[in-house]
Amino acid sequence: MNEKTLSDKPVGFNMADFEAIPNDSGITLVRKIVTIPVRKPDKQKFFRTHPTSEVLVHLVEIKEEGEYYLVRKSALQALVGETKLFRLHLCYYQNGTIFLCPIPQPDEDGKWNQWHKSLAIAIVDAKKKWIRAIPDKSINGYTIIEANGQISEPEIPRMSLEEILQIAFKDRIIDNENHPIVKKLMGS
């Protein structure tokens, strides 16, 4: 019986032909962002808020579809009573995935829904530390959980807020009274 040992190697075998050297290929991968969700943070994930990327906009929320539509100023007259002021905040998860978190603003009388107010507080906290925002019906708001350990900052895409909005709302911009959402909401 012929036993092979670890020192035996196939004829013509050269380890240098197989050994990988980091970044030897010359190929770099660039993550192309084609979709940016507009949503509240996932209650089971830690997230951060970008310290400066936020904007105040008019949105129409279609709750049954879970969709938000960005409304151009010129189309506001066609949607009287249907739009709300939202502050959109750029947020990101540990893996670098970005999203826009919409926070409804206080109404004309200055009243602010407790859910919205507590989420706004969470968003501000997330500018400084990794947190989770967990909906809690018993308090009619969000419970904030801070991460105890050190979580490294991911590399997030360097994009302007304008570029982010264009991607997030690419097919959900209401710019005139003939838009299908305007017709749906006005019953025509």
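So, in nm, how far is label Asn148 from label Glu177 when the simple model puts each one 7 Å beyond its Cα toward the Cβ?
Taking the simple label geometry, Asn148 and Glu177 are separated by 6.0 nm.
Under the rule a/c < 1.5 gives rounded, and otherwise a/b versus b/c splits prolate from oblate, where does region 81-126 land using the Cα gyration tensor? List each step's numbers first, then the result.
Working: a/c = 3.84, a/b = 1.86, b/c = 2.07.
In terms of gyration-tensor shape, oblate.
Mind listing the long-range amide H neighbours of Ile174? Cut-off is under 5 Å, sequence gap 5 or more, other chains count too, H placed in the peptide plane at 1.01 Å from N.
Excluding prolines and chain starts, which carry no amide H, the hits are Leu70, Val71, Arg72.
Could you check the spin-label model distance between Met159 and Gln77? Points 7 Å from the Cα along Cα→Cβ, value in nm.
3.3
Return the lysines within reach of Lys111: Cα separation strictly under 26 angstrom, same-chain partners fewer than 8 residues apart disregarded; answer none if there are no such residues.
The qualifying lysines are Lys40, Lys43, Lys63, Lys73, Lys84, Lys127, Lys137.
For labels at Lys43 and Arg31 in the simple 7 Å Cα→Cβ model, what's the distance in nm?
Placing both labels 7 Å along Cα→Cβ, they lie 2.6 nm apart.
For Lys128, go through the aspartates and glutamates and keep the ones whose alpha-carbon is under 19 Å away, minus same-chain ones fewer than eight residues off.
The qualifying aspartates and glutamates are Asp42, Glu54, Glu146, Glu153, Glu155.
Rounded to the nearest Å, what's the spacing between the alpha carbon centres of region 116-188 and region 50-108? Just the number, please.
So the separation of the two Cα centres works out to 7 Å.
How high is the FRET efficiency from Lys137 to Ile167, r the C-beta distance, R0 30 Å, rounded to 0.05?
Details: r = 33 Å, r/R0 = 1.11.
Rounded to the nearest 0.05, the efficiency is 0.35.
When a/c reaches 1.5 or more, the comparison of a/b and b/c decides; with that in mind, is region 105-156 rounded, prolate or oblate per its Cα gyration tensor?
Values: a/c = 3.81, a/b = 1.83, b/c = 2.08.
Because a/c hits 1.5 or more and a/b fails to exceed b/c, region 105-156 counts as oblate.
Using a cut-off of 19 Å between alpha-carbon atoms, which aspartates and glutamates can reach Lys184, once sequence neighbours fewer than 8 places away in the same chain are excluded?
Of all the aspartates and glutamates, those that pass the test against Lys184 - Cα under 19 Å, at least 8 places apart if same chain - are Glu61, Glu64, Glu65, Glu67, Glu82, Asp171, Asp175.
Which residue, chosen from Thr143, Leu165, Met15, occupies the Cα position most advanced towards the positive end of the dipole of the chain, where the dipole is computed from +1 (Lys, Arg) and -1 (Asp, Glu) charges on Cβ about the Cα centre?
Value computed over the given set: Thr143.
Assigning unit charges at the beta carbon (Lys, Arg +1; Asp, Glu -1) and nothing else, what dipole magnitude in debye, to the nearest 20, does the chain show about its Cα centre? Spell out each step's value before the answer.
Working: 26 positive and 25 negative charges, 99 e Å.
In total the dipole reaches around 480 debye.
Coordinate-derived values only; no laboratory data. Since we're looking at a predicted model, the values are computed, not measured. Ideal geometry is used to build each Cβ from the backbone, glycine not excepted, and the neighbour counts take in all protein chains shown.
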